[in-house]
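Single-structure report; data block below.
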Ligand SMILES: NC(=O)c1ccc[n+]([C@@H]2O[C@H](COP(=O)([O-])OP(=O)(O)OC[C@H]3O[C@@H](n4cnc5c(N)ncnc54)[C@H](O)[C@@H]3O)[C@@H](O)[C@H]2O)c1
């Protein structure tokens, strides 16, 4: 048995951002717009909205930042929340929208580090408009929030957090600088690979992850080399969308299990952290499966993924790992030490990774020594 949920409506295509004002108007009069610092709400489609309340946002969402944002959003009593930005902005907007009806603090609702109090079952509707191609947050039911106090990112999660509308316009990503293209794009690639090999995969997420992995593998190097390549940007926007649909309905794995505490320990971009551990995690997972669960269907999935990524029908898993290493290097993503991870943090990071919710989707239960090996070899 499996179920599949996504945003109530998805609009995709170059130029579709022009439709945002008309689509938002149908959802209500009082509009709250959460936007990134790179976008100016005084120009473009957002300028057509009638007196929206603006919430400018910089950086990844934190417990404290979200708490303040919810408190100030209450005064606006929005009928609809528009998220116009990268994954950080979309996550903040989804969190504000669902927390407006909660009487609890943010921390009370957080997974793993919080009290796990269920979120309200309904949310103010969210219109999510991604300006990066990576997280797929426009179609997921969670939002990772950084708690500096705990040194970790943990999610708010509820079916009510699925946006009412995801509008994916690849033209909005044309201005992403190469570093953001690399980090976000490698996140999308990882979010297709992990659901494809996850123990929670199902036939719908398989189809989405395969298509997304193919598009990310074709588009990523081109989008990085030439930010104005609309065909490559379109591949990446679709890969990100498909990755979000896949991860929200299956699970991720050890790469994201590690990314949660690594984000807390280093503050580095989420996609760069995923990329830094992706190749070695794949190697360690495959070795562990061959040693302890040689009949696991995940082994065939890793082979299939290697063939999709390399575009070679005869590619081996080792060829797939080599392709990942080459791509990560080409896109200039450094190892964990350069991303800010102190070797003294390895033990704590490994323990936190083993407790992270994404670990539950990994194709095999990794030992503490294997997780430490990934951290050491990825540094
Ligand atoms: N909710 C989910 O399902 C999910 C999934 C994966 C990751 N995430 C989270 O998403 C966040 C990362 O999101 P992201 O990778 O999109 O990065 P981001 O939203 O943090 O943005 C990175 C930088 O790019 C800038 N930027 C965004 N769009 C731009 C554009 N079009 N032109 C120029 N600059 C632009 C931003 O202002 C910011 O400085 C992390 O917090 C991560 O944990 C969430």
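The values are calculated or read from the model by the stated rules, or taken from the named source; none is laboratory data. These numbers come from a predicted model, not from an experiment. Every residue, glycine as well, gets a Cβ built from its backbone with ideal geometry; the counts of neighbours run over all protein chains shown.
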**OP:** Kindly provide the set of residues from the stretch 146-159 that are modelled with pLDDT of 95 or more and under 21 Å from residue 35 (Cα atoms), ordered by number.
**Re:** 156
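Under 20 Å from residue 156 (Cβ atoms) and touching a strand residue (DSSP E or B) at 6+ places or on another chain (Cβ under 9 Å): which single residue out of 97, 50, 75 fits that description? Step through it out loud before you land on a result.
Details: 50 fails: under 20 Å from residue 156 (Cβ atoms); 75 fails: under 20 Å from residue 156 (Cβ atoms).
Within the list 97, 50, 75, the selection yields 97.
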Original post:
Out of all the residues in the stretch 1-31, which are in contact with a strand residue (DSSP E or B) (Cβ under 6 Å, 6 or more places away or on another chain) and part of a loop (DSSP other than H, G, I, E, B)?
Top reply: 7, 27, 28
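Do the conditions hold for residue 88, that is, is it in contact with a helix residue (DSSP H, G or I) (Cβ under 6 Å, 6 or more places away or on another chain) and within 16 Å of the ligand (Cβ to nearest atom)?
Numbers: in contact with a helix residue (DSSP H, G or I) (Cβ under 6 Å, 6 or more places away or on another chain): no; within 16 Å of the ligand (Cβ to nearest atom): yes.
No: the conditions fail for residue 88.
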Subject >> Residue tally, condition away from the ligand (no atom under 11 Å from the Cβ), assigned to a helix (DSSP H, G or I) and more than 19 Å from residue 110 (Cα to Cα), over the stretch 247-279 >> reply: 9
Original post:
Of the conditions (1) under 15 Å from the mean Cα position of the chain (by Cα); (2) buried (at least 24 other Cβ atoms within 10 Å of the Cβ); (3) within 10 Å of the ligand (Cβ to nearest atom), residue 157 fails just one. Which one is it?
Top reply: (2)
Original post:
Is the stretch 3-22 home to any residue that is at pLDDT 95 or above, surrounded by 15 or more Cβ atoms within 10 Å (Cβ to Cβ) and closer than 13 Å to residue 92 by Cα?
Top reply: no
Subject >> Conditions (1) within 16 Å of the ligand (Cβ to nearest atom); (2) under 18 Å from residue 7 (Cα atoms); number of the one not met by residue 80 >> reply: (1)
Original post:
Can you pull out the residues in the stretch 32-76 that are away from the ligand (no atom under 15 Å from the Cβ) and in a loop (DSSP other than H, G, I, E, B)?
Top reply: 42, 49, 50, 51, 52
Subject >> Where a residue in the stretch 258-270 is within 14 Å of residue 348 (Cβ to Cβ) and not assigned by TED's automatic domain parsing to the domain that holds residue 113 and its partner, wherever it lies, is near the ligand (Cβ under 8 Å from one of its atoms) and in a loop (DSSP other than H, G, I, E, B), with Cβ under 8 Å and at least six apart >> reply: 263/60
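Here is a check on your reading of the model: is residue 175 modelled with pLDDT of 95 or more, in a loop (DSSP other than H, G, I, E, B), over 20 Å from residue 62 (Cβ atoms) and within 8 Å of the ligand (Cβ to nearest atom)? Full working, then the answer.
Values: modelled with pLDDT of 95 or more: yes; in a loop (DSSP other than H, G, I, E, B): yes; over 20 Å from residue 62 (Cβ atoms): yes; within 8 Å of the ligand (Cβ to nearest atom): yes.
Against the criterion (modelled with pLDDT of 95 or more, in a loop (DSSP other than H, G, I, E, B), over 20 Å from residue 62 (Cβ atoms) and within 8 Å of the ligand (Cβ to nearest atom)), residue 175 qualifies.
Anything in the stretch 94-115 that is in a helix (DSSP H, G or I) and touching a helix residue (DSSP H, G or I) at 6+ places or on another chain (Cβ under 9 Å)? List them, or say none. Don't jump to the end; show me each part of the working.
Keep residues of the stretch 94-115 that are in a helix (DSSP H, G or I), which gives 94-99, 106-109.
Result: 94, 95, 96, 97, 98, 99, 106, 107, 109.
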Original post:
Taking the stretch 338-359 on its own, how many of its residues are surrounded by 14 or more Cβ atoms within 10 Å (Cβ to Cβ), more than 20 Å from the chain's Cα centre (by Cα) and not in a helix (DSSP H, G or I)?
Top reply: 2
